[in-house]
1. Sort through 161, 124, 145, 104 and tell me the only one that's among the basic types (Lys, Arg), surrounded by fewer than 20 Cβ atoms within 10 Å (Cβ to Cβ) and either out of contact with any Asp or Glu (no Cβ under 8 Å at 6 or more places or on another chain) or within 25 Å of residue 203 (Cβ to Cβ) (or both).
2. What strands (runs of 3 or more DSSP E) lie completely within region 126-232 and have 3 or more residues being more than 15 Å from residue 83 (Cβ to Cβ)?
3. Kindly evaluate residue 119 against the criterion of being surrounded by 15 or more Cβ atoms within 10 Å (Cβ to Cβ), in the same structural domain as residue 197 (by TED's automatic domain parsing) and in contact (Cβ under 8 Å) with a residue 60 or more places away in the chain.
4. Filter region 94-104 for residues that are without any contact (Cβ under 8 Å) to a residue 60 or more places away in the chain and of a type outside the set (D, E, K, R) and give the result.
5. Look at residue 97 and say whether it is assigned to a helix (DSSP H, G or I) and surrounded by fewer than 20 Cβ atoms within 10 Å (Cβ to Cβ).
6. So, in region 170-196, exactly how many residues are touching a strand residue (DSSP E or B) at 6+ places or on another chain (Cβ under 9 Å) and surrounded by fewer than 12 Cβ atoms within 10 Å (Cβ to Cβ)?
Amino acid sequence: MTGASGVDIRGLHIHENQSIACVELVSGRKVSVKFQSLAFVGVFALLALPGCAALPGLGPAALDTYDLTPPPVAAAGGARSRTQLLIAEPSALRSLDAENIVVRTSPGSIEFLSGAQWADRLPRIVQARLADAFQATGRLGGVGRPGEGLAIDYQLVSDIRAFEVRVFGQRRATVEISVRLLDDRNGVVRATRVFQAEVPLTGTGNDAYIAALDRAHQQMAAELVPWVLAAI
């Protein structure tokens with residue numbers, strides 16, 4: 001958006017001197033609010049901008065938006081192989097196959113964390129971070145996701161069973177993922193296992209909840225990655 005007198009956005013002319021709030025990804029984890037001076041035309045022009053809401057009070061409040069940090073998997077010992085590993089997008093129930101952050105209030109009841117969301121659908125984030133972790137080991141000839149043109153030797157097929165904050169009983173963040181390592185050359189399942197990690201909540205509020213989920217995810221991945229490498 002340039003020009004002192006404003007620009008045309010989606011057919012609506014924006015003039016100067018109106019502040020709007022825009023969502024900007026920072027530090028790879030949380031989306032913060034950045035204020036920019038943009039021009040006025042009315043509520044509808046501003047609401048047409050993705051991630052932006054007019055100020056003051058002329059649109060929905062910006063959500064805290066979170067990502068998962070790459071698991072700190074150390075480079076594994078042993079020789080580098082030519083094996084290529086495909087990380088399939090994990091399957092998940094509808095409540096987890098979204099940008100909502102799940103809070104379990106009782107064994108049979110869930111809610112979504114108010115004022116917060118994932119930066120993408122949760123399965124896509126988990127898939128991307130697992131790919132990061134395997135690449136960081138330096139042990140494989142190639143790691144990728146569907147559509148990236150790998151000559152696949154193995155597929156990592158997974159299902160997200162739990163990825164939630166539990167606020168009943170012992171308050172904790174829980175991550176549980178079932179995994180199958182599939183030999184793509186003959187369709188045989190080479191190995192299967194369920195990985196689970198739990199981290200106690202050390203505070204309240206969105207940042208504390210996501211920090212606990214992130215640590216549980218890292219613990220899970222730290223077990224999963226060497227297990228897969230040993231099975232290949």
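1. Unique residue meeting the criteria: 104.
2. Details: elements: 142-144, 154-166, 172-183, 189-200.
Strands (runs of 3 or more DSSP E) meeting the threshold: 154-166, 172-183, 189-200.
3. Working: surrounded by 15 or more Cβ atoms within 10 Å (Cβ to Cβ): yes; in the same structural domain as residue 197 (by TED's automatic domain parsing): yes; in contact (Cβ under 8 Å) with a residue 60 or more places away in the chain: yes.
It is true that residue 119 is surrounded by 15 or more Cβ atoms within 10 Å (Cβ to Cβ), in the same structural domain as residue 197 (by TED's automatic domain parsing) and in contact (Cβ under 8 Å) with a residue 60 or more places away in the chain.
4. 95, 98, 100
5. no
6. So the answer is 5.
The values are calculated or read from the model by the stated rules, or taken from the named source; none is laboratory data. Being a predicted model, the structure only gives us computed values, none of them experimental. So basically every Cβ, Gly included, is an ideal-geometry build from the backbone, and we count neighbours across all protein chains shown.
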